[in-house]
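Inspection log for the structure reproduced underneath, given as structure tokens.
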Amino acid sequence: MDTSVHPFENAILPTKRETILMRYILLTLLLITSLQAKLLVNPFDALHAVYGKDVQIAKKNVLLTVDKAEVVYQQAQMQKGTNIFRTFTVTKDEKTIAYAILISRVVRTKDAAVLYMISPKGIIDAVEVIAFNEPPEYTPSKLYVEQFKGKSSADTLRVGKDVPTVTGATMGARNVTDGARLALAVFDMLFKEK
């Protein structure tokens, strides 16, 4: 006969009502966190990481006219989407050193936002995935997005042609590639020196 005291013998266990309430709270928290955008990095932090902490960054939302949007999407060789783009101008010592265009598009069923940092000459300096709401396995790798550095609107930028596909992440890769063409087309429309 065991006379030892069970370690949970004197523990206060929750009532059935408390257990149901705890489960409800837990499920609510899980639902809320799954509905929120998965922000990977703040656009300002991404810009500071590339151009330095001593730069100034101005954010602006731009609404393209229907005609300008049509030209942009034709240049990007894409179906027409939004006319609104978030742009950033990066300055240092009162001189513009870069522009950035945030492209938000649906990958499979959820949004992803990618920031394209472009020099005043229209060459991509860097690409950063800002938010990605699809499962992590669809997120393009750092190595994949780095291949866009040095590209411009003169490059074709097509998955499976001059941009390699990514096994298991083709949709994410295509999103970044199509977004690069779109960002460069927006850059050409708004910032390219004529």
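Brief remarks follow.
- The number of residues in the stretch 45-78 that are under 20 Å from the mean Cα position of the chain (by Cα), within 22 Å of Asn175 (Cβ to Cβ) and not in a helix (DSSP H, G or I) comes to 3.
- Selection count, the stretch 104-123, where residues are modelled with pLDDT of 95 or more and in a strand (DSSP E or B): 4
- Check on Lys95, more than 20 Å from the chain's Cα centre (by Cα) and among the basic types (Lys, Arg): yes
- Pairs where the first residue, in the stretch 134-162, is farther than 15 Å from Tyr116 by Cα and the second is at pLDDT 75 or above and assigned to a helix (DSSP H, G or I), C-beta under 6 Å, 6+ apart: Val159/Arg174; Val159/Thr177
- Note on the stretch 128-160: residues that are among the aliphatic types (A, V, I, L, M), outside any loop (DSSP other than H, G, I, E, B) and either in contact with a Cys (Cβ under 6 Å, 6 or more places away or on another chain) or within 19 Å of Ile101 (Cα to Cα) (or both) total 4.
- Residue check, Leu115 touching a strand residue (DSSP E or B) at 6+ places or on another chain (Cβ under 6 Å), surrounded by fewer than 12 Cβ atoms within 10 Å (Cβ to Cβ), closer than 15 Å to Ala185 by Cα and touching a residue at least 12 places away in the same chain (Cβ under 8 Å): no
The values are calculated or read from the model by the stated rules, or taken from the named source; none is laboratory data. On a predicted model such as this, the values are computed, not experimentally measured, just so you know. Note that we place each Cβ from the backbone using ideal geometry, even for glycine, and neighbour counts take in every protein chain shown.
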